[in-house]
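Remarks on the structure that follows.
The values are calculated or read from the model by the stated rules, or taken from the named source; none is laboratory data. Keep in mind it's a predicted model, so treat the numbers as computed, not measured. Counting neighbours? That spans all protein chains shown, and the Cβs are built from the backbone with ideal geometry, glycine included.
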Amino acid sequence: MGRKKTAPQRPGHTPSAGELRIIGGVWRSRKLTFPDAGGVRPTPARTRETLFNWLNFHLAGSHCLDLFAGSGALGLEALSRGAADATLVDHTPALAKALKDNLQLLNSTQGQVVCQSVDQFLARPAGQAFDIIFLDPPFRQGWLEKLFPLIASNGWVRPGSWVYVEHESEIVTLAVPAQWQLHRQKTAGQVAYNLFRTT
């Protein structure tokens, strides 16, 4: 996760992305590789630690959806920390293959990889509602305005679901669906991190 084609580099990013380290759970300290494709940069370890501290009591047995999965930093971290399953969506074939390979390397059968654009994936009615959705789209391309209504109206969340959103910090207020309540928020440099609870 963390495809930022037009965003400035976030703290902790190196120019030669391609390695991801799981920071918690049963796969803690495992290092995984992914291709340098699509401008992917994993969500920094410090940010992931903050996010999963926020979600600490809600991860076990949860059903997770990682949109714009990229390196899989968030979806794989969730599986490592006890999520029941995770669906990882990315439109780049090379990244989707790497996600499948890394799940196989980890001997995980709880991860499903979908190689499809996120808007097409969300445009259909959901087969199930997810407990946790990770949403980290490319910056400054209008993705959030397009995807929020699809998530809210097509059954991807239910009351009590969590939606994690990363966006450029110059956006002061997100136009989220009325049923989403801001639970936690943090800004680091030019990136803002938000965790919403659906009601």
Legend entry - Matching residues, the range 54-85, being under 10 Å from the mean Cα position of the chain (by Cα) and aliphatic (A, V, I, L, M): L65, L67, A69, A73, L74, L76, A78
Inset, instruction - State yes or no: is G72 modelled with pLDDT of 95 or more and either exposed (fewer than 14 other Cβ atoms within 10 Å of the Cβ) or touching a helix residue (DSSP H, G or I) at 6+ places or on another chain (Cβ under 8 Å) (or both)? - result: yes
Legend entry - Qualifying position, being within 15 Å of V163 (Cβ to Cβ), part of a helix (DSSP H, G or I) and more than 14 Å from the chain's Cα centre (by Cα), among L51, L122: L122
Inset, instruction - Of the conditions (1) under 16 Å from the mean Cα position of the chain (by Cα); (2) within 23 Å of E49 (Cβ to Cβ); (3) surrounded by 20 or more Cβ atoms within 10 Å (Cβ to Cβ), N102 clears all except one; give me its number. - result: (1)
Inset, instruction - Return yes or no: is F148 among the hydrophobic types (A, V, I, L, M, F, W, C), touching a strand residue (DSSP E or B) at 6+ places or on another chain (Cβ under 6 Å) and modelled with pLDDT of 95 or more? - result: no
Inset, instruction - Considering only the range 71-105, state which residues are in contact with a strand residue (DSSP E or B) (Cβ under 6 Å, 6 or more places away or on another chain) and part of a helix (DSSP H, G or I). - result: A73, L74, G75, A78, L79, A96, L99, K100, N102, L103
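In this structure, is R28 among the basic types (K, R) and part of a loop (DSSP other than H, G, I, E, B)?
Working: among the basic types (K, R): yes; part of a loop (DSSP other than H, G, I, E, B): yes.
Answer is yes for this residue.
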Inset, instruction - For the range 138-157, enumerate the residues that are closer than 23 Å to H58 by Cα and crowded, with 17+ Cβ neighbours inside 10 Å. - result: F148, I151, A152, W156, V157
Inset, instruction - Taking only the range 56-70 into account, find how many residues are hydrophobic (A, V, I, L, M, F, W, C) and part of a loop (DSSP other than H, G, I, E, B). - result: 5
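How many residues does the range 26-43 contain that are more than 20 Å from G111 (Cα to Cα) and free of Cβ contacts under 8 Å to residues at least 40 places away in the same chain? Steps first, answer last, please.
Initially, the range 26-43 is screened for residues more than 20 Å from G111 (Cα to Cα), giving 36-39, 41.
Right, trim to free of Cβ contacts under 8 Å to residues at least 40 places away in the same chain and you get 36, 41.
Residues in the range 26-43 being more than 20 Å from G111 (Cα to Cα) and free of Cβ contacts under 8 Å to residues at least 40 places away in the same chain: 2 in total.
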Inset, instruction - Could you tell me which residue of the range 172-188 is nearest to P159 (Cα to Cα), considering only residues that are in contact (Cβ under 8 Å) with a residue 24 or more places away in the chain and not in a loop (DSSP other than H, G, I, E, B)? - result: W180
Inset, instruction - Can you tell me which residue within the range 39-49, out of those that are touching a Lys or Arg at 6+ places or on another chain (Cβ under 9 Å) and surrounded by 16 or more Cβ atoms within 10 Å (Cβ to Cβ), is modelled with the lowest pLDDT? - result: R41
Legend entry - Residue within the range 97-108 that is modelled with pLDDT under 95 and not aliphatic (A, V, I, L, M) present: no
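Is it the case, given these coordinates, that A83 is buried (at least 22 other Cβ atoms within 10 Å of the Cβ), out of contact with any helix residue (DSSP H, G or I) (no Cβ under 6 Å at 6 or more places or on another chain) and at pLDDT 95 or above? Don't jump to the end; show me each part of the working.
On the way: buried (at least 22 other Cβ atoms within 10 Å of the Cβ): yes; out of contact with any helix residue (DSSP H, G or I) (no Cβ under 6 Å at 6 or more places or on another chain): yes; at pLDDT 95 or above: yes.
So A83 passes the test.
So if I check each of G160, G127, which one is exposed (fewer than 14 other Cβ atoms within 10 Å of the Cβ), part of a loop (DSSP other than H, G, I, E, B), in contact with a Ser or Thr (Cβ under 7 Å, 6 or more places away or on another chain) and not aromatic (F, W, Y)?
Working: G127 fails: in contact with a Ser or Thr (Cβ under 7 Å, 6 or more places away or on another chain).
None of the others qualify; the one that does is G160.
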